[in-house]
1. State all residues of region B:29-40 that are within 20 Å of B:Ile113 (Cβ to Cβ) and at the interface with chain A (Cβ under 7 Å from one of its Cβ atoms); if no residue qualifies, say none.
2. In region B:10-34, what count of residues is obtained for those that are in contact (Cβ under 8 Å) with a residue 60 or more places away in the chain and in contact with a helix residue (DSSP H, G or I) (Cβ under 8 Å, 6 or more places away or on another chain)?
3. Which condition from (1) among the charged types (D, E, K, R); (2) open to solvent by less than 40 Å² (accessible area, probe 1.4 Å); (3) closer than 22 Å to B:Asn179 by Cβ; (4) touching a residue at least 40 places away in the same chain (Cβ under 8 Å) is the one that B:Asp92 breaks?
4. Return the residues of region A:166-183 that are surrounded by 16 or more Cβ atoms within 10 Å (Cβ to Cβ) and part of a loop (DSSP other than H, G, I, E, B); say none if nothing qualifies.
5. Look at region B:86-122 and say how many of its residues are at pLDDT 90 or above and part of a loop (DSSP other than H, G, I, E, B).
6. Identify, please: which residue in region A:110-150 is among the polar types (S, T, N, Q) and without any contact (Cβ under 8 Å) to a residue 60 or more places away in the chain and is, among those, nearest to A:Thr37 (Cα to Cα)?
7. Is there a residue being more than 12 Å from chain A (Cβ to nearest Cβ) and on the phi < 0 side of the Ramachandran plot anywhere in region B:17-25?
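The values are calculated or read from the model by the stated rules, or taken from the named source; none is laboratory data. From a predicted model like this one, the values you see are computed outputs, not experimental measurements. Quick reminder, even Gly has a Cβ in these numbers, built from the backbone with ideal geometry, and neighbours come from all protein chains shown. Accessible surface areas use protein heavy atoms only, side chains included; no ligands, DNA or RNA. Shrake-Rupley method; radii C 1.70, N 1.55, O 1.52, S 1.80 Å.
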Protein chains: 2
Amino acid sequence: MNALKRKCQAMINSENLQKQLSFLTEIDELKQILRQTVLLKDLRQENDAEHSWHLAMMVILLSDYSNDSKMDVLRTVKMVLIHDIVEIEAGDTFCYDAHDREQKTEKEREAAIRIFGMLPDEQANELRLLWEEFEEMKTPEARFAAAVDRLQPLLLNFNTRGHAWLKHGVKRSQVIERNLHIEKGSVELWEFARQLIDDSVRKGYLLDG
Amino acid sequence: MNALKRKCQAMINSENLQKQLSFLTEIDELKQILRQTVLLKDLRQENDAEHSWHLAMMVILLSDYSNDSKMDVLRTVKMVLIHDIVEIEAGDTFCYDAHDREQKTEKEREAAIRIFGMLPDEQANELRLLWEEFEEMKTPEARFAAAVDRLQPLLLNFNTRGHAWLKHGVKRSQVIERNLHIEKGSVELWEFARQLIDDSVRKGYLLDG
């Protein structure tokens, strides 16, 4: 590389780094977005950053249970790390509220364009496409990401004796319907989830019906 | 596979899954371990799970700045996701307190054996070795993980006008000494960090000296 090319590359790198750090600063806000699920120790509401970290740990540890043995673990980890970032603008929606769920799609799509758009073009595209892929739940990575995204709140609900379920009057049939997706990502995790749901009803953590 | 082999495999899978889910439930506690750095919006103390998520995002977005172009991104992401898990037992130590830092090494080593030991053997070993590798800061992955682990609190400190630095009376020379490691992971990120530190002193976010 000659001197001019090196100088240009340094300027491009510096501009890219500024964009990346602005984005990384902006997403600090994910730590403020509260979910309905509560933490085991103090029953405070979990936030999206904590939830995303927990999902990434699940992907790393449970990837062998994916229905597709060729699933790309890094892509799946990226997906769960970024899957809620749009909620910085669009907010969290309780998953058992059907009306809110429809409304939020458009808001989230706009948020994805704005927030991921803060990054250099290539990364902006990569993350926006990854987020869309997650939402569409068609690839092995997106299906497994969706599976752990459902399973994690089940674990927290079970281990807090159904705190969020009972508070919102959620019923077994709603939990089954909402979490059926798990099976598309992992038959084994879905089998476990079903046992957990049955057990929750037996123990009075979840309403029958 | 014959029927008996299949049955055995199913039993092994089921036992492994129980261990993995116990571990994943145990580490919910990481969301309770508070750090000294505060969040941008409300100046509340960040917890280790939020911090680990933020580092994973940094690895994904900034890996091109690694001094080693062959760095394995997935291994580095795993490292930052798990690097603080030992603090569930050993607690967080403010990085500018030298005395505490020495004491904590042994406590953390014991914690690593106990906590990662909850997992099936293969994963227990993998995570314990990854954590040790992170602590030793000798491989490209460990050096880059250490670099973002230093850079993230710098970003939060700068963007909260030096909140934690001023509270603890931290000086520029301490910040330089503590963060020099960044250079071993990424010359470019260290250059940026130095500018941020200089700027912080100029703006009164960090004590000179």
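1. Matches in region B:29-40: B:Glu29 only.
2. Looking only at that region, the number is 4.
3. Checking B:Asp92 against (1) among the charged types (D, E, K, R); (2) open to solvent by less than 40 Å² (accessible area, probe 1.4 Å); (3) closer than 22 Å to B:Asn179 by Cβ; (4) touching a residue at least 40 places away in the same chain (Cβ under 8 Å), the one that fails is (2).
4. Scanning region A:166-183 gives a single hit, A:Val170.
5. Final tally of qualifying residues: 5.
6. A:Thr139
7. no
Residues checked against (1) over 22 Å from the mean Cα position of the chain (by Cα); (2) part of a helix (DSSP H, G or I); (3) basic (Lys, Arg):
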| residue | (1), (2), (3) |
| --- | --- |
| B:Leu4 | yes, yes, no |
| B:Lys7 | yes, yes, yes |
| B:Leu17 | yes, yes, no |
| B:Thr25 | no, yes, no |
| B:Thr37 | no, no, no |
